[in-house]
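Reviewing the structure listed below.
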Amino acid sequence: MHKYLFLDIDGVLNHDDWFESPEFQKCKSNWKISMFDPVCVQRVNTILQQTGAQLVVSSSWRDMTDLPEIFEQVGLPKAFWVTPHADVIFNLDPYDFYSDDTRYWRGNEIKYWLDRKDPNANYVILDDDCDMLDSQKHHFIQTCNDKLAYPKLYEYNKGSGLTEKCMNDAIQLLNN
């Protein structure tokens, strides 16, 4: 059985604790690179190494033509899959983007990708937003992007971004 790690970037690989750190201050002149907390990057690599999962970028960053080069510079795999956009799946008008009918965008994008690529795969979704489908609940690990806005999630995850707890949970889900 194939394994996939669906990765959001904002709120997973960058987060409020990172933005408050001295390390971020040192590298913030290169905004693309500074958006990646090296500790979170290493945790993604640990998940991939310990599970054999393939990386699928579900973040809005997936449209960046230089994303493979950015990933290579920060230490992430240069080769990865990307999910389609909800407007491609549902043929949405741009004015519909924020309607109640699209509140499960990311989950639908992931479902659409899995249905076409590997419907029986094991997968984990790492995202700070909770726009997933009910059927994805047991594959979803919500990261905390803002400790002030989400103090209970921050406490549960033992920090913000891709914490060690979130990493271990992802490894366990993918290896079961």
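Quick check on my filter: what residues within the stretch 131-152 are outside any loop (DSSP other than H, G, I, E, B) and open to solvent by less than 40 Å² (accessible area, probe 1.4 Å)? Passing the criteria: Q136, I141, C144. Every listed requirement among (1) in a helix (DSSP H, G or I); (2) modelled with pLDDT of 90 or more is met by G159 save one, (1).
Of the helices (runs of 4 or more DSSP H) entirely within the stretch 17-88, those holding at least 1 residues that are open to solvent by 80 Å² or more (accessible area, probe 1.4 Å) and of a type in the set (D, E) occupy 22-27, 67-74.
Against the test of being in a strand (DSSP E or B), in contact with a Phe, Trp or Tyr (Cβ under 9 Å, 6 or more places away or on another chain) and over 12 Å from G11 (Cα atoms), the options I125, I110 yield a single qualifying residue, I125.
The residue pairs whose first member lies in the stretch 64-85 and is over 14 Å from D8 (Cα atoms) and of a type in the set (K, R), whose second member is open to solvent by less than 30 Å² (accessible area, probe 1.4 Å) and at pLDDT 95 or above, and whose beta carbons are closer than 7 Å, counting only pairs six or more residues apart or on different chains, are K78/F71. Regarding A79, is this residue over 25 Å from N157 (Cα atoms) and of a type in the set (G, A, S)? The answer is yes for A79. Remark: pairs (first residue in the stretch 137-154, without any contact (Cβ under 8 Å) to a residue 40 or more places away in the chain; second residue surrounded by fewer than 19 Cβ atoms within 10 Å (Cβ to Cβ) and not polar (S, T, N, Q); Cβ separation under 7 Å; 6+ apart in sequence or on different chains) = I141/D169; Q142/C130; Q142/L153; Y154/K147.
Within the stretch 133-168, the set of residues being among the acidic types (D, E) and more than 21 Å from F36 (Cα to Cα) comprises D134, E155.
The values are calculated or read from the model by the stated rules, or taken from the named source; none is laboratory data. Please read these numbers as outputs of a predicted model, since none were measured by experiment. Cβ atoms come from the backbone with ideal geometry, glycine included; neighbour counts cover every protein chain shown. The area values use the complete protein model at the heavy-atom level, side chains included, leaving out ligands, DNA and RNA. Shrake-Rupley method; radii C 1.70, N 1.55, O 1.52, S 1.80 Å.
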